[in-house]
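Below: one structure, written as structure tokens.
The values are calculated or read from the model by the stated rules, or taken from the named source; none is laboratory data. Just so you know, these numbers come straight off a predicted model, no measurement behind them. So basically every Cβ, Gly included, is an ideal-geometry build from the backbone, and we count neighbours across all protein chains shown. Just the protein is used for accessible areas: all its heavy atoms, side chains included, with ligands, DNA and RNA removed. Shrake-Rupley method; radii C 1.70, N 1.55, O 1.52, S 1.80 Å.
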Amino acid sequence: MFKETCEVLENKTVAPDHFLLKLSSKKIGKAALPGQFVQILCSGDSLDPLLPRPFSFLEASPTSFSLLYHVVGQGTELMAKFKKGDKVHVLGPLGKGFTLRRKTEDGRGKRLLVGGGVGIPPLYHLAKDLVRTKEVKKSDIHVFLGARNKSLLLCEKDFLKLGVQLHLATDDGSKGHKGYVTQVLVKFLKSSIFHLPSSLIHSCGPTPMLKAVSLVASEFGAPNEVSVEVPMACGFGACLGCALKVKGETPGSHRFAIACTEGPVFEGSKILWD
């Protein structure tokens, strides 16, 4: 975990109310793993808002990193006003990310990435690293993206450039399947020749989608990881504001996990969704 003052290299609109922010970095970008996040102090040197905001990585390199954020409140409204050359206070990388390397019985596992909304960017980071490290063949990486309409299918062109297999769904049917992305996932799994216990499903997005993906994974006997979206005030477990109900050590028991340190990526089967 590093505390850096990063310079804004780029801050541009990529979709309605969605911005891509690229920051210089000497330490955070070099250490970042897919699924981890940073805390951004949106207020600069003022105290309003007081608390930083958490954002997952879209891309990371030894000299910079990028975030894709949705303008939904005071903090992100201030971020949208960042200009090239501005200085931003950043803490990270934080949390536990997705599983990148994984041994399977057949020697090479398959990956299914399911994302919606601002849950899509960390999956692009994961897909890019899987391709870069040749951990999985491009033909064995299937990405399922869902959105309200085609203008909100974030990173679609970026995934296509990676050469992975892309499956799309929109609520209004403006692109891809008309309906939920989980419906596309179910159809794919029913027709799949993959050995599902050797495959790994990664998902990030709204909680109802994560719950649905976990139920689908359980039904088909496929292990899955979910990156949860919960409020994170501090990012390193001090405030306990991101407690998440998970299964306990003994059958029928439960405990509360701190999402910012034990997650944000968890085994989907261990979360108590209700």
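Inside the stretch 17-31, residues that are surrounded by fewer than 24 Cβ atoms within 10 Å (Cβ to Cβ) and of a type in the set (A, V, I, L, M) make up a count of 3. Within the stretch 208-257, track down each residue that is without any contact (Cβ under 8 Å) to a residue 24 or more places away in the chain and of a type in the set (Ser, Thr, Tyr). Listed by number, the residues that qualify are 250, 253.
Restricting attention to the stretch 19-74, the residues that are touching a Lys or Arg at 6+ places or on another chain (Cβ under 9 Å), polar (S, T, N, Q) and in contact (Cβ under 8 Å) with a residue 60 or more places away in the chain total 2. Pairing residues of the stretch 76-87 that are farther than 13 Å from residue 18 by Cβ and basic (Lys, Arg) with residues that are modelled with pLDDT of 95 or more and exposed (fewer than 13 other Cβ atoms within 10 Å of the Cβ), at Cβ distances under 6 Å and at least 6 apart in sequence or on separate chains, gives 87/5.
Looking only at residues in the stretch 119-146 that are within 14 Å of the chain's Cα centre (by Cα) and of a type in the set (A, V, I, L, M), which one is nearest to residue 99 (Cα to Cα)?
126
Considering the stretch 186-222, and only residues there that are buried (at least 21 other Cβ atoms within 10 Å of the Cβ) and of a type in the set (S, T, N, Q), the residue that is modelled with the lowest pLDDT turns out to be 199. For residue 14, the criteria (1) surrounded by fewer than 24 Cβ atoms within 10 Å (Cβ to Cβ); (2) in a loop (DSSP other than H, G, I, E, B); (3) in contact with a Cys (Cβ under 9 Å, 6 or more places away or on another chain) hold in every case but one, which is (2). Being of a type in the set (A, V, I, L, M) and part of a helix (DSSP H, G or I) is the filter here; which residues of the stretch 117-168 pass it? If the condition is that a residue be of a type in the set (A, V, I, L, M) and part of a helix (DSSP H, G or I), then 118, 120, 123, 126, 127, 130, 131, 152, 160, 162 are the ones that fit. Would it be correct to say that residue 172 is open to solvent by 20 Å² or more (accessible area, probe 1.4 Å) and either in a helix (DSSP H, G or I) or without any contact (Cβ under 8 Å) to a residue 12 or more places away in the chain (or both)? In short, no.
A count restricted to the stretch 47-87 and to residues that are touching a Ser or Thr at 6+ places or on another chain (Cβ under 8 Å), open to solvent by less than 20 Å² (accessible area, probe 1.4 Å) and closer than 21 Å to residue 26 by Cα stands at 5. Condition (residue is within 12 Å of residue 114 (Cβ to Cβ) and out of contact with any Gly (no Cβ under 6 Å at 6 or more places or on another chain)) applied to the stretch 239-258: is it met by at least one residue? Taking every residue of the stretch 239-258 in turn, none turns out to be within 12 Å of residue 114 (Cβ to Cβ) and out of contact with any Gly (no Cβ under 6 Å at 6 or more places or on another chain). Would you check which residues across the stretch 111-123 are open to solvent by 10 Å² or more (accessible area, probe 1.4 Å) and either touching a Pro at 6+ places or on another chain (Cβ under 9 Å) or free of Cβ contacts under 8 Å to residues at least 24 places away in the same chain (or both) and list them? The answer is 117, and nothing else. Check the stretch 155-167 and report whether any residue there is open to solvent by 30 Å² or more (accessible area, probe 1.4 Å), over 22 Å from residue 32 (Cα atoms) and touching a residue at least 60 places away in the same chain (Cβ under 8 Å). Checked the stretch 155-167: no residue is open to solvent by 30 Å² or more (accessible area, probe 1.4 Å), over 22 Å from residue 32 (Cα atoms) and touching a residue at least 60 places away in the same chain (Cβ under 8 Å).
For residue 181, the test of being of a type in the set (A, V, I, L, M, F, W, C), within 30 Å of residue 75 (Cβ to Cβ) and surrounded by 21 or more Cβ atoms within 10 Å (Cβ to Cβ) is passed.
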